[in-house]
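Asks: Encoded as structure tokens, here's the structure I'll be asking about.
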Amino acid sequence: MLEFAHDTLAQRVLFASGRAAENLRSEVARFGSPTVMVIADKPETAAALCRGFEPALVHTDVAPHVPVEKAEEARAAARNHGVDLLVCIGGGSTTGLAKAVALTSGLPVIAVPTTYAGSEATPVWGLTEAARKTTGVDARVLPAAVVYDATLLATLPVESSVASGLNAVAHGVDAMWAPRTDPINQALAVEGVRALAAGLPVVKADPGDLAGHEQCLYGAYLSAVAFASAGSGLHHKVCHVLGGAYDLPHARTHAVVLPHVLAYNAPAAPEAARRIASALGATDPVRGLAALRRTLDAPVALRDHGMRESDLDEAVDLVLPVVPESNPRPVTRESLAALLRNAWTGADPAEEPRP
């Protein structure tokens with residue numbers, strides 16, 4: 001019998017190409033003449049989008065994985081300027097910093113994404129201190145509104161689009177078997193993966209193709225909404241640990257690890273695997289993802305992105321305690337060590353035997 005409990009998060013989404021400045025202005029006005037702090041990774045983009053209102057300050061000191069000291073500086077800046085509203089314009093690191101301010105202040109956030117990070121659609125926050133990344137879930141950090149505009153991604157380097165897009169695919173795949181997954185999450189995740197699998201090859205072939213970016217943004221949003229409700233599965237637990245401990249690039253780490261977690265879990269979750277394969281336009285999810293990755297010339301190995309072989313044993317020790325008990329296939333020290341080594345070397349899971 002079909003039985004589940006599902007929470008739908010409250011968030012306003014405005015999706016329109018070429019209208020980011022207009023939609024941002026209307027959303028800021030909706031809050032009633034607030035004192036605005038803009039957090040942006042590119043001040044020139046912020047200046048172009050903040051027409052029609054005057055920010056109290058523009059904060060650009062953004063770093064990956066949101067170091068605690070960067071969060072404290074941003075929080076102090078918000079307090080010192082009597083800020084009422086946060087606007088973040090940029091990728092996942094920018095959104096993450098806005099969330100860190102919202103976590104302690106309760107200030108509302110309007111997010112304007114310029115990558116496919118998906119953080120704008122989740123109540124998940126993350127902070128890094130002493131090479132350890134801590135994550136949590138808090139309703140205060142979910143942006144009150146998201147302004148999507150595909151034209152903001154048209155100048156994104158194609159390598160960044162590919163890595164960010166595969167990170168978005170990972171949100172959808174993980175949502176299929178995460179701890180709180182339900183039929184609504186899975187429906188959103190499958191459609192999100194389908195849209196990304198359709199849009200990313202278009203963006204790869206022509207980085208300026210607006211329709212391709214629109215499909216990818218749409219898919220990234222759906223996958224992130226599914227992930228936000230379903231929770232972090234094995235893939236995200238692995239990537240959060242690796243990113244925080246070894247300062248690895250966020251999107252590229254997700255792009256590398258995803259095929260290995262998919263290959264590990266798919267045999268133990270046949271219905272989820274069938275639906276993921278269908279979304280990828282394939283009969284087998286691992287081979288379908290491998291084909292997409294070849295088309296995209298996706299990142300292959302963790303060793304190419306800053307992880308050392310000598311880190312692998314410690315990484316197993318750090319990841320193992322946070323593996324979800326609900327993972328469809330039991331995870332042992334030996335199986336996790338093999339998974340991480342394969343991701344480090346860049347082995348192709350589509351070519352390896354599966355149980």
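The values are calculated or read from the model by the stated rules, or taken from the named source; none is laboratory data. Quick caveat, the model's predicted, so the values are computed rather than measured. All Cβ positions, even for glycine, are placed from backbone atoms using ideal geometry, and neighbour counts span all protein chains on display.
Asks: Can you report the number of residues in the range 10-25 which are assigned to a strand (DSSP E or B) and not basic (Lys, Arg)?
Replies: Step one: of the range 10-25, the residues assigned to a strand (DSSP E or B) are 12-15.
When the remaining residues are screened for being not basic (Lys, Arg), the result is 13-15.
Residues flagged as assigned to a strand (DSSP E or B) and not basic (Lys, Arg) within the range 10-25 amount to 3.
Asks: Still on this model: Take LEU222 and decide whether it is touching a Leu at 6+ places or on another chain (Cβ under 6 Å), buried (at least 24 other Cβ atoms within 10 Å of the Cβ) and part of a helix (DSSP H, G or I). So that I can check it myself, show each step before the final result.
Replies: Details: touching a Leu at 6+ places or on another chain (Cβ under 6 Å): yes; buried (at least 24 other Cβ atoms within 10 Å of the Cβ): yes; part of a helix (DSSP H, G or I): yes.
Answer is yes for this residue.
Asks: Right, another one. When VAL87 is evaluated against the numbered criteria (1) more than 27 Å from GLU214 (Cβ to Cβ); (2) within 19 Å of the chain's Cα centre (by Cα), which criterion, by number, is the only one it fails?
Replies: With (1) more than 27 Å from GLU214 (Cβ to Cβ); (2) within 19 Å of the chain's Cα centre (by Cα) applied to VAL87, the lone miss is (1).
Asks: Tally up the residues in the range 309-335 that are in contact with a helix residue (DSSP H, G or I) (Cβ under 8 Å, 6 or more places away or on another chain) and free of Cβ contacts under 8 Å to residues at least 60 places away in the same chain, please.
Replies: Residues in the range 309-335 being in contact with a helix residue (DSSP H, G or I) (Cβ under 8 Å, 6 or more places away or on another chain) and free of Cβ contacts under 8 Å to residues at least 60 places away in the same chain: 6 in total.
Asks: Return the pair list, or none, for Cβ contacts closer than 7 Å from residues in the range 101-113 that are surrounded by 23 or more Cβ atoms within 10 Å (Cβ to Cβ) to residues that are in a strand (DSSP E or B) and modelled with pLDDT under 95, at least 6 apart or on different chains.
Replies: Close Cβ pairs (under 7 Å, with a partner that is in a strand (DSSP E or B) and modelled with pLDDT under 95) do not exist here.
Asks: Restricted to the range 1-57, and to residues that are among the hydroxyl-bearing types (Ser, Thr, Tyr) and under 30 Å from ILE184 (Cα atoms), which residue is surrounded by the most Cβ atoms within 10 Å (Cβ to Cβ)?
Replies: SER17
Asks: Taking the range 277-291 only, how many residues are surrounded by fewer than 24 Cβ atoms within 10 Å (Cβ to Cβ), out of contact with any Leu (no Cβ under 6 Å at 6 or more places or on another chain) and not in a loop (DSSP other than H, G, I, E, B)?
Replies: Going through the range 277-291 one residue at a time, the tally reaches 5.
Asks: Right, another one. Of all residues in the range 26-64, count the ones that are without any contact (Cβ under 8 Å) to a residue 40 or more places away in the chain and assigned to a loop (DSSP other than H, G, I, E, B).
Replies: Total satisfying the criteria: 13.
Asks: Conditions: (1) within 18 Å of SER232 (Cα to Cα); (2) touching a Pro at 6+ places or on another chain (Cβ under 8 Å); (3) of a type in the set (Val, Ile, Thr). VAL158 meets all but one. Number of the miss?
Replies: (1)
Asks: Six or more apart or on different chains, Cβ atoms under 7 Å: show the pairs whose first residue is in the range 144-171 and over 13 Å from TYR218 (Cα atoms) and whose second is of a type in the set (Lys, Arg) and modelled with pLDDT of 95 or more.
Replies: Here the result reads ALA144/ARG12; ALA145/ARG12; VAL158/LYS204; VAL162/LYS204; ALA163/ARG252, each pair linking the range 144-171 to a residue that is of a type in the set (Lys, Arg) and modelled with pLDDT of 95 or more.
Asks: Has the range 91-98 got at least one residue that is assigned to a helix (DSSP H, G or I), touching a residue at least 60 places away in the same chain (Cβ under 8 Å), within 25 Å of THR151 (Cβ to Cβ) and out of contact with any Lys or Arg (no Cβ under 7 Å at 6 or more places or on another chain)?
Replies: There is at least one residue in the range 91-98 that is assigned to a helix (DSSP H, G or I), touching a residue at least 60 places away in the same chain (Cβ under 8 Å), within 25 Å of THR151 (Cβ to Cβ) and out of contact with any Lys or Arg (no Cβ under 7 Å at 6 or more places or on another chain).
Asks: In this structure, does ALA111 turn out to be touching a Leu at 6+ places or on another chain (Cβ under 6 Å) and either assigned to a strand (DSSP E or B) or not assigned by TED's automatic domain parsing to the domain that holds GLU214 (or both)?
Replies: Spelling it out, it is not the case that ALA111 is touching a Leu at 6+ places or on another chain (Cβ under 6 Å) and either assigned to a strand (DSSP E or B) or not assigned by TED's automatic domain parsing to the domain that holds GLU214 (or both).
Asks: Moving on. Is it true that some residue in the range 265-276 is modelled with pLDDT of 95 or more and not in a helix (DSSP H, G or I)?
Replies: yes
Asks: Let me ask something else. With respect to VAL68, is the statement that it is modelled with pLDDT of 95 or more, aliphatic (A, V, I, L, M), out of contact with any helix residue (DSSP H, G or I) (no Cβ under 6 Å at 6 or more places or on another chain) and under 30 Å from LEU242 (Cα atoms) true?
Replies: The answer is yes for VAL68.
Asks: I've got another one for you. Name the one entry in PRO270, PRO285 that is farther than 28 Å from ASP138 by Cβ and in contact (Cβ under 8 Å) with a residue 12 or more places away in the chain.
Replies: Of PRO270, PRO285, the one residue that is farther than 28 Å from ASP138 by Cβ and in contact (Cβ under 8 Å) with a residue 12 or more places away in the chain is PRO285.
Every residue, every condition in (1) surrounded by fewer than 24 Cβ atoms within 10 Å (Cβ to Cβ); (2) over 20 Å from PRO285 (Cα atoms), yes or no:
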| position | (1), (2) |
| --- | --- |
| GLU159 | yes, yes |
| TRP177 | no, no |
| PRO183 | yes, no |
| VAL202 | yes, yes |
| PRO207 | yes, yes |
| CYS216 | no, no |
| TYR246 | yes, yes |
